[in-house]
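Below you'll find the structure, written out as structure tokens, and then a few comments.
The values are calculated or read from the model by the stated rules, or taken from the named source; none is laboratory data. Just so it is clear, the structure is predicted and the values come from calculations on it, not from any experiment. FYI the Cβ positions are ideal-geometry reconstructions off the backbone, even for glycines, and counts take in every protein chain you see.
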Amino acid sequence: MATRAETLAIAALVTGPLAITLFLSASADAPAPVVPTIVLASVGVDGMAEPVIEPRSEPEVELVSEPMIEPVIEPVIEPVEPVIEPVIEPAMIAVDDRLGARLLVHDGKIVLTSEIDPAWATGRVRSKYKDWTFYVWQAVDHARLPADLAALPGQRVVVHGADGRSCVATIGEPTLFVEASGDLFVDERPSSQARREQAAELFEHPLGLVADLIAPSECTGLWARLADLPPATRYLPTALEGDELRAVRASVEAEARRQPEYKALQGEYEAWLKERREDGDDESVDWRRFVAEHLKVTRWDEIEGRRSFFEVALVYPSEACSDDFYGQAMWILDRAGDGAFTRRPGGSFFDPRAFFDSDGDGLLEAVRVDGFGGWQIVEDAPTGSVVDRTFEVRFYGCPC
């Protein structure tokens, strides 16, 4: 039987490694211990065999890779200035800039524009010949017209006449139009072929886009204005005669003689008179008598207003296709409270048929006719008169 000392030795061998293992496993930082395997040999009755201690193999450790945590990159937020769209105010367009503020009226037709594109035309060219005047017209394609012109048909206009009367009409269908007078044809009654050829030649350069004026009764005049615009300031003429003329004539003539146009016209007339006298003409009068006979004074009074001005003209009533004197001069005079006359700054209006102020700028506008039947709206300006609207009547010489 084993002695007490041998028993304690065996117990130490058995419990010692177990205690070490328990101690090491309690440490979180220590590596796993190598626990030896104790194999006890069989113990006989005669005594205890020596224990055989086999070393324990290292456990296989599977390396688990830690998931890679990518750094979170905060987006860089740059301050953005707010984009402020500029506020574009609508342009202030004066009434006079509208196409229908003042339009010529010629022979009962309203002239929409004299700036023509022949590409507007469509359909057949038609014509009429009467009293040495040739009329040619052609329809237009509305789709080819500029937007402002295409919008005019159907609009209501107020038509103003030379006598101060007005009427309301509607703009009809537009057509391209040419009017020509003079020596156009050999025969007084030209053939259809001659008319077609002449019409084709004239229509290479149309003169105006015109339209009929549609009204319940006759409505014609010299100029027109869209009915939805404010009324224009208009003036009515009064030709001074007798005592009225004598009362102002001396002052008017004195102011006229101070004008450079007066002196220039006197020189032209005296040169013309010299040639006539050399040709044996004893009927033509001298300059002094010319002024006495042909100085014309017209007072223009504001309709429904109190303003007035005076038109002074020196014009010889010459006849077309003659060798008469064609020179002329014209001034606009204002009369002060003391009765003295002074010339109004600006241009001259030859042969005016109507005066008005359509844009309210205080400067006069006038409808005038040239020597061969062409019509214009002329606007006064400090530097001279400016042609604003026009309709030309082509002249091909005196018919013989």
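Quick check on segment 266-276. Is at least one of its residues under 22 Å from residue 350 (Cβ atoms), of a type outside the set (Ser, Thr, Tyr) and over 50 Å from the mean Cα position of the chain (by Cα)? So far as segment 266-276 goes, yes, one or more of its residues are under 22 Å from residue 350 (Cβ atoms), of a type outside the set (Ser, Thr, Tyr) and over 50 Å from the mean Cα position of the chain (by Cα).
Looking only at residues of segment 127-139 that are without any contact (Cβ under 8 Å) to a residue 40 or more places away in the chain and not in a loop (DSSP other than H, G, I, E, B), we find that the one that is surrounded by the fewest Cβ atoms within 10 Å (Cβ to Cβ) is 130.
Let's see how each residue does on (1) under 25 Å from residue 165 (Cβ atoms); (2) of a type in the set (Gly, Ala, Ser); (3) modelled with pLDDT under 85:
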residue	(1), (2), (3)
350	yes, no, yes
353	yes, no, no
360	yes, yes, no
363	yes, no, no
367	yes, no, no
371	no, yes, yes
376	yes, no, no
388	yes, no, yes
400	no, no, yes
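Inside segment 350-363, residues that are of a type outside the set (D, E, K, R), touching a residue at least 60 places away in the same chain (Cβ under 8 Å) and outside any strand (DSSP E or B) make up a count of 2. If we scan segment 181-199, do we find a residue that is surrounded by 16 or more Cβ atoms within 10 Å (Cβ to Cβ), more than 30 Å from residue 334 (Cβ to Cβ), of a type outside the set (Phe, Trp, Tyr) and without any contact (Cβ under 8 Å) to a residue 60 or more places away in the chain? The answer is no, given that none of the residues of segment 181-199 is surrounded by 16 or more Cβ atoms within 10 Å (Cβ to Cβ), more than 30 Å from residue 334 (Cβ to Cβ), of a type outside the set (Phe, Trp, Tyr) and without any contact (Cβ under 8 Å) to a residue 60 or more places away in the chain. Considering only residues that are farther than 11 Å from residue 211 by Cα, in a loop (DSSP other than H, G, I, E, B) and not polar (S, T, N, Q), which ones fall in segment 147-186? If the condition is that a residue be farther than 11 Å from residue 211 by Cα, in a loop (DSSP other than H, G, I, E, B) and not polar (S, T, N, Q), then 151, 161, 162, 163, 164, 165, 183, 184, 185, 186 are the ones that fit. Looking only at residues in segment 162-183 that are within 15 Å of residue 391 (Cα to Cα) and β-branched (Val, Ile, Thr), the one that is modelled with the highest pLDDT is 175. The condition of being under 23 Å from residue 268 (Cα atoms) and of a type in the set (Gly, Ala, Ser) holds for only one of 313, 340, that being 313.
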